[in-house]
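The values are calculated or read from the model by the stated rules, or taken from the named source; none is laboratory data. All values derive from a computational prediction rather than experimental measurement. Every residue, glycine as well, gets a Cβ built from its backbone with ideal geometry; the counts of neighbours run over all protein chains shown.
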């Protein structure tokens, strides 16, 4: 019986040490979203996941759980920076929502884009899954789309 208890104790200590070492290897900031990230976005066909186009974006997640996004995917004359909020949803996973104003080439406001992100953070890397929705000025949904992104902390 003593031998079994010693073996269980030894296994428990080994498991605890391996978890502690794995956490230390990740570093104290691992899994933290706060900061600025350069991301590579892939707009995808929602049905097939085929990549339709790619572009870069910059996302800043502030300590007060607010965010700002800018994109090279649309002219700054046609899309404002996105402003939004984020929250931790568990472990290294976060949920974020941002809104941006959309304009036609003559500068007339034509609607709003809402991006809803699920973000997984691993050290200085992240991976986004995003749903995009475009609304007219009255709030009627005009279109929706899918995207993924991978990013690196600046």
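Within segment 118-126, none of the residues are at positive phi, assigned by TED's automatic domain parsing to the domain that holds residue 62 and more than 14 Å from the chain's Cα centre (by Cα). The set of residues from segment 130-141 being exposed (fewer than 13 other Cβ atoms within 10 Å of the Cβ) and in a strand (DSSP E or B) comprises just one member, 141. Checking residue 88 against (1) touching a strand residue (DSSP E or B) at 6+ places or on another chain (Cβ under 7 Å); (2) under 23 Å from residue 56 (Cβ atoms); (3) in contact (Cβ under 8 Å) with a residue 40 or more places away in the chain, which single condition isn't satisfied? That leaves (2) as the condition not met.
Filtering 112, 70, 39 for residues that are surrounded by 13 or more Cβ atoms within 10 Å (Cβ to Cβ), farther than 17 Å from residue 153 by Cα and touching a strand residue (DSSP E or B) at 6+ places or on another chain (Cβ under 8 Å) leaves a single hit, 112. Selection of segment 84-105 for residues being part of a strand (DSSP E or B) and over 21 Å from residue 32 (Cβ atoms) yields 99, 100, 101, 102, 103.
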